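The values are calculated or read from the model by the stated rules, or taken from the named source; none is laboratory data. Because the structure is a prediction, the values reported are computed rather than measured. Here the Cβ is made from the backbone with ideal geometry for all residues, glycine too, and neighbour counts use every protein chain on show.
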Amino acid sequence: MNLPDYISYIYHPLRDIPLDQAPGTLSEKEKAYLETITHEKRRREFIAGRILARTKAASLLGLPANEIRLDICEDGSLDLTDTPYSISLAHTKQGACAAIGFNTRVGIDLETIATRHEKLHTFILSEDEYPLLDSLPMDRDRILILCWTLKEATLKGMRTGFRNSPKKLRLHIDPENNVADIEAPNNEVWKAHYTEHDNAYLSIAYKKPKPDTQMGMPI
């Protein structure tokens, strides 16, 4: 993806993530939370997300991964505490990913491309977006999953998730360049880029930073 220099991301298949690093990577709160997760798949996804988040943040901040502080906000989103960065995580049964934005909000989503409920479009799309189902150069399953990831990434960046209806967002997708503009309430416009990894769509949505802060990731 041709992302602006103030946005970065990392993706790895779950099989390639060293889950045995969890004891030295998770905080005490995260270890305690992990003990409450009984489903093995969910435990692996939780560990993978935290490892990737700290790995990417550590490379940007120049700190050891186990010194990266990740806090959960009241709205359920993650926060890179006391830094100018925002962060978002996503995962499927095949892989996990993390996106980080410098001086701006960011959201990421990852969804396996597969046939879903036949009425899914009525949950994701407003009626004036239904023409997307016929105009985009891909099959219906791909269109629905792409629209889902673009909207969920934006809602995660807005820190509302599906507490806000995805129908309140309007998609303008450029399939030649794998980018989109998303109109949100209050005249907000989000930018998004998307790609495929392991038969899943990965979408990253972000707000452009204010001109006086748009200076790219520190090296």
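Residues in segment 102-125 that are surrounded by fewer than 18 Cβ atoms within 10 Å (Cβ to Cβ) and touching a Pro at 6+ places or on another chain (Cβ under 8 Å): Asn103, Phe123. For segment 68-89, give me each residue that is among the aliphatic types (A, V, I, L, M) and either in a strand (DSSP E or B) or in contact (Cβ under 8 Å) with a residue 24 or more places away in the chain (or both). Matches in segment 68-89: Leu70, Ile72, Leu78, Leu80, Ile87, Leu89. Of all residues in segment 191-200, none are of a type outside the set (Ser, Thr, Tyr), modelled with pLDDT under 95 and in a helix (DSSP H, G or I).
Among the candidates Glu111, Glu129, which residue alone is touching a strand residue (DSSP E or B) at 6+ places or on another chain (Cβ under 8 Å) and over 26 Å from Pro13 (Cβ atoms)?
Numbers: Glu111 fails: over 26 Å from Pro13 (Cβ atoms).
Of the residues listed, the single one that is touching a strand residue (DSSP E or B) at 6+ places or on another chain (Cβ under 8 Å) and over 26 Å from Pro13 (Cβ atoms) is Glu129.
Filtering segment 41-64 to residues that are small (Gly, Ala, Ser) and closer than 12 Å to Ala98 by Cβ leaves Ala48, Gly49, Ala53, Ala57, Ala58, Ser59.
Of all residues in segment 35-44, none are in contact with a Leu (Cβ under 7 Å, 6 or more places away or on another chain), more than 29 Å from Lys191 (Cα to Cα) and not charged (D, E, K, R). Scanning segment 175-190 for residues that are of a type in the set (D, E, K, R) and out of contact with any strand residue (DSSP E or B) (no Cβ under 6 Å at 6 or more places or on another chain) yields Glu176, Glu188. You will find that of Tyr11, Tyr6, the residue that is under 27 Å from Met138 (Cα atoms) and either in contact (Cβ under 8 Å) with a residue 24 or more places away in the chain or small (Gly, Ala, Ser) (or both) is Tyr11 and no other.
Of the helices (runs of 4 or more DSSP H) that lie entirely inside segment 1-67, those containing 1 or more residues that are buried (at least 20 other Cβ atoms within 10 Å of the Cβ) span 22-25, 40-61. Residues considered: Pro84, Pro18, Pro4. Of these, the only one that is more than 25 Å from Lys191 (Cα to Cα) and either of a type outside the set (Lys, Arg) or over 16 Å from the mean Cα position of the chain (by Cα) (or both) is Pro18.
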